[in-house]
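To start, the structure itself, in structure tokens.
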Amino acid sequence: MKAVLCPAFGQDLVVADFPAPAMTDAGVRIAIHAAGVNFADSLITGGKYQEKMDPPFVPGMELSGVVTEVAAGVTTCKPGDRVMATVTGGAFAEEAVCDQTDVYVLPDTLDFVTAAGFPVAYGTSHLGLIKAGLKAGETLVVHGAAGGVGLTAVEVGKALGATVIGTAGGPDKVKVALEHGADFGIDYKSEDIRDRVKELTGGKGADVIYDPVGGTVFEASLRCIAPDGRILVIGFASGTVPQIPANILLVKNVTVIGYYWGAYRKINPAQVRQSMQEALDWWAAGKLSPHVSKVMRLDQAAEAIALLKGRAATGKIVLTTGR
Ligand SMILES: NC(=O)c1ccc[n+]([C@@H]2O[C@H](COP(=O)([O-])OP(=O)(O)OC[C@H]3O[C@@H](n4cnc5c(N)ncnc54)[C@H](OP(=O)(O)O)[C@@H]3O)[C@@H](O)[C@H]2O)c1
């Protein structure tokens, strides 16, 4: 099969012929139609991700396609099903073998391109905001609100009945967050996050903050979280891992929740499946509007990752295999 190969950490990705992956216990072989691109792909191929893969390897963590073969005992899908799936590497290829726990049969009207960018972002945001206990009527701040996970957190927050404030770098990105349901936008290139959140919440601050950015944006969160508020640590797209002064947590009764959905798939797979199924149901009910801003070919994977690193994309970028 054709696949995108990371020959060594930090080296240019190449497209090469690669052996099709072997079948595994509980495995589902999928003929891939499309694969979602994530910021984490830049970290994984650079050797900077929390989970390391040994080069040479095929990157890519989410995909959509058609099931061609299942191992004995697989119950979540059957050959011929249209599915989306997550995988620990291997999605930037024409074929993958995924664990049946990570495979979801698609609603008939969910197309392959949209589905390929669905599981990581909506999976992370749906379960994350449930774990943070976001309730109807509360105020949610989403940082990086026009990005892959950020935009889905805006939509999930609205579906849960929250007032959503989206922050992003520049007016065009703020506009995307507003178009996807954010009640208010903050351009953190020109506006002070703390001052604006305080102003928009009548001085109280945000009940929940969803942070895939880190760095100075996280520091601003500590200054505009409401008493008894919850901050979800999602990632560090800024490149800076924030250090947390515990005295602020104590004085303000703030909870900081470290949350890594990829690992949660192994900690509580049943809860992850239930959450993803609810996100798919919400999509079917018209509550979610996935935003794929760019569709590229599989052999353009390096270019796609560079667009994310350069903050040049909104929503998701999806690669197609030409099937
Ligand atoms: N915890 C989990 O389970 C989980 C799951 C998925 C993703 N993540 C993490 O969440 C983060 C975002 O992932 P994603 O796939 O949504 O990425 P993405 O689509 O590239 O979005 C990242 C956003 O971060 C903002 N940003 C701020 N400073 C940046 C910088 N120096 N470089 C790049 N972007 C910057 C950008 O928005 P502005 O230009 O508007 O600032 C961008 O829209 C990553 O750290 C990823 O590893 C975590």
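The values are calculated or read from the model by the stated rules, or taken from the named source; none is laboratory data. Computed from a predicted model, the values in this text were never measured in an experiment. Positions of Cβ are generated from backbone atoms using ideal geometry, with glycine treated the same way; all protein chains shown enter the neighbour counts.
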Q: Name the residue, out of Trp261, Trp282, that is in contact (Cβ under 8 Å) with a residue 40 or more places away in the chain, of a type in the set (A, V, I, L, M, F, W, C) and within 16 Å of the ligand (Cβ to nearest atom).
A: Trp261
Q. Of all residues in the stretch 154-175, how many are more than 12 Å from the ligand (Cβ to nearest atom) and among the acidic types (Asp, Glu)?
A. 1
(Q) Criterion first (touching an Asp or Glu at 6+ places or on another chain (Cβ under 9 Å), in contact (Cβ under 8 Å) with a residue 12 or more places away in the chain and either polar (S, T, N, Q) or in the same structural domain as Ile44 (by TED's automatic domain parsing) (or both)) does Thr255 satisfy it? (A) yes
Q | Some residue of the stretch 174-181 being surrounded by 24 or more Cβ atoms within 10 Å (Cβ to Cβ), among the small types (Gly, Ala, Ser) and part of a helix (DSSP H, G or I) | A | yes
Q. Looking at this structure, is Ala146 within 14 Å of the ligand (Cβ to nearest atom), farther than 24 Å from Val233 by Cα and either in a loop (DSSP other than H, G, I, E, B) or in contact with a Ser or Thr (Cβ under 6 Å, 6 or more places away or on another chain) (or both)?
A. no
Q) Listed residues Cys77, Cys98; which is over 20 Å from Phe218 (Cβ atoms), assigned to a loop (DSSP other than H, G, I, E, B), away from the ligand (no atom under 11 Å from the Cβ) and in contact (Cβ under 8 Å) with a residue 40 or more places away in the chain? A) Cys77
Q: From the list Asp54, Asp41, pick out the single residue that is assigned by TED's automatic domain parsing to the domain that holds Val103 and either away from the ligand (no atom under 16 Å from the Cβ) or in a loop (DSSP other than H, G, I, E, B) (or both).
A: Asp54
Q. Counting only residues that are under 19 Å from the mean Cα position of the chain (by Cα), modelled with pLDDT under 95 and among the aliphatic types (A, V, I, L, M), how many does the stretch 41-74 have?
A. 0
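To keep it simple, each residue is scored yes or no on (1) modelled with pLDDT of 95 or more; (2) surrounded by fewer than 18 Cβ atoms within 10 Å (Cβ to Cβ); (3) touching a strand residue (DSSP E or B) at 6+ places or on another chain (Cβ under 6 Å).
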{"residue": "Gly235", "(1), (2), (3)": "yes, no, no"}
{"residue": "Thr240", "(1), (2), (3)": "yes, yes, no"}
{"residue": "Lys266", "(1), (2), (3)": "no, yes, no"}
{"residue": "Gln271", "(1), (2), (3)": "yes, yes, no"}
Q: Report, by residue number, each residue of the stretch 105-143 that is in a strand (DSSP E or B) and crowded, with 24+ Cβ neighbours inside 10 Å.
A: Thr139, Leu140, Val141, Val142
Q. Within the bounds of the stretch 210-225, is there any residue that is in a loop (DSSP other than H, G, I, E, B), over 27 Å from Gly315 (Cβ atoms) and more than 10 Å from the ligand (Cβ to nearest atom)?
A. no
